[in-house]
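Undergrad: Structure provided below as structure tokens; questions to follow.
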Amino acid sequence: MSNQNQHGQSGNEANHSHHILPDSTAFKILGILLLLTVITVASAQVDLGSFNFALAMIIASLKASIVCMFFMGLKYDHKENTVIFSTSIIFMTIFMILTFGDLLTRGNVYVKLGEGELGSLTRPYKILPEGATAKKARFQKPWIATPEIIAAGKEQFLNQCISCHGPQGLGNGPASGGLNPKPRNFTSADNWKNGRKPSQIFGTLTKGLGGMPSFGSLGAEDRWTLVHYVRSLGPEGEKDSDEDLKKIGIDPNSTDGGAGNAEKVIPIDLAIEILSSPEKASAQPSKK
């Protein structure tokens with residue numbers, strides 16, 4: 001019985017022994033991996049259109065397979081494990097190529113639609129759910145500061161900004177310690193990278209700057225209230241001209257609550273139609 005147990009243990013050890021990869025084979029595999037890396041870098045310098053991504057994925061999958069087969073020992077493991085692992089890599093590669101290939105072959109969906117009522121899809125449209133109605137503006141011409149607008153901006157500031165800029169706007173909020181550069185001190189008129197005009201601050205809020213994220217998800221009206229509040233914390237700054245406002249898509253003579261061309265609302269079904277068929281959308285009649 002003892003001999004049988006010893007024999008069984010020896011057999012199990014033989015079946016589970018680790019394969020020692022010869023140095024010569026290891027160097028050959030290393031050379032192949034380096035060659036594939038050079039091919040990857042070289043192919044990235046050539047514009048092959050949508051095939052660039054497919055080629056990169058094929059090479060990356062091949063390299064991963066080689067590493068797993070030789071350095072992780074799959075080649076010397078049970079054959080079914082090799083088949084399962086290799087098949088999973090192949091299917092993952094096919095899935096990613098087809099997914100990203102779809103994105104790469106759609107063309108430019110952000111097309112100009114002419115001067116009709118839809119304007120251009122390159123502007124940040126707000127899409128309403130079916131049956132919803134646009135929120136009524138609280139302020140007319142919110143790009144012009146009023147006490148009410150500044151008070152509304154203070155509420156936005158306390159909700160959105162004090163963690164970095166502090167309650168007084170000094171740039172010393174609780175989250176500022178780990179930030180470099182430090183958050184803007186709104187009480188100072190110095191070194192505003194994008195300028196301190198209302199339209200310039202509005203653009204910074206919309207697009208973000210450096211470590212500051214974009215606040216484009218806020219409605220245009222809320223962004224304007226923030227603009228005027230942070231300006232109120234420091235010295236009086238230069239005001240916008242009509243041309244400054246027009247540069248960010250605002251009609252100074254409009255009373256639409258500040259949306260102008262900076263924020264439009266379209267129904268969700270029309271948005272889907274535009275994105276799925278740009279040619280059809282470009283034929284939309286102009287609104288007279």
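The values are calculated or read from the model by the stated rules, or taken from the named source; none is laboratory data. Keep in mind it's a predicted model, so treat the numbers as computed, not measured. Every residue, glycine as well, gets a Cβ built from its backbone with ideal geometry; the counts of neighbours run over all protein chains shown.
Undergrad: Kindly indicate which of I66, I20 is at pLDDT 80 or above and assigned by TED's automatic domain parsing to the domain that holds M96.
TA: Criteria check complete, one pass: I66.
Undergrad: Can we say T187 is closer than 22 Å to A145 by Cα, modelled with pLDDT of 90 or more and either β-branched (V, I, T) or in a helix (DSSP H, G or I) (or both)? Before you say what the answer is, go through the steps one by one.
TA: Details: closer than 22 Å to A145 by Cα: yes; modelled with pLDDT of 90 or more: yes; either β-branched (V, I, T) or in a helix (DSSP H, G or I) (or both): yes.
Here the answer is yes, as T187 does meet what is asked.
Undergrad: Return the pair list, or none, for Cβ contacts closer than 7 Å from residues in the range 222-249 that are touching a residue at least 24 places away in the same chain (Cβ under 8 Å) to residues that are of a type in the set (A, V, I, L, M) and loosely packed, with under 15 Cβ neighbours inside 10 Å, at least 6 apart or on different chains.
TA: Note: pairs meeting the criteria are G234/A189; P235/A189; G237/A189.
Undergrad: Give me a count of the residues in the range 221-243 that are part of a helix (DSSP H, G or I) and in contact with a Pro (Cβ under 8 Å, 6 or more places away or on another chain).
TA: Counting residues in the range 221-243 that are part of a helix (DSSP H, G or I) and in contact with a Pro (Cβ under 8 Å, 6 or more places away or on another chain) gives 7.
Undergrad: Sort out which residues of the range 72-90 are surrounded by 13 or more Cβ atoms within 10 Å (Cβ to Cβ) and in contact with a helix residue (DSSP H, G or I) (Cβ under 7 Å, 6 or more places away or on another chain), and write them in order of number.
TA: Result: L74, K75, T82, F85, S86, I89.
Undergrad: Any residue at all in the range 84-97 that is in the same structural domain as L33 (by TED's automatic domain parsing), modelled with pLDDT of 75 or more and in a loop (DSSP other than H, G, I, E, B)?
TA: Scanning the range 84-97 turns up no residue that is in the same structural domain as L33 (by TED's automatic domain parsing), modelled with pLDDT of 75 or more and in a loop (DSSP other than H, G, I, E, B).
Undergrad: Counting just the residues of the range 23-64 that are in a helix (DSSP H, G or I) and hydroxyl-bearing (S, T, Y), which one comes out nearest to I89 (Cα to Cα)?
TA: Looking at the filtered set, the residue picked out is S61.
Undergrad: Right, something else. Do any residues in the range 26-37 that are surrounded by fewer than 12 Cβ atoms within 10 Å (Cβ to Cβ) have Cβ atoms under 7 Å from those of residues that are at pLDDT below 90 and not β-branched (V, I, T), where the two are at least six apart or on different chains, and which pairs are they?
TA: none
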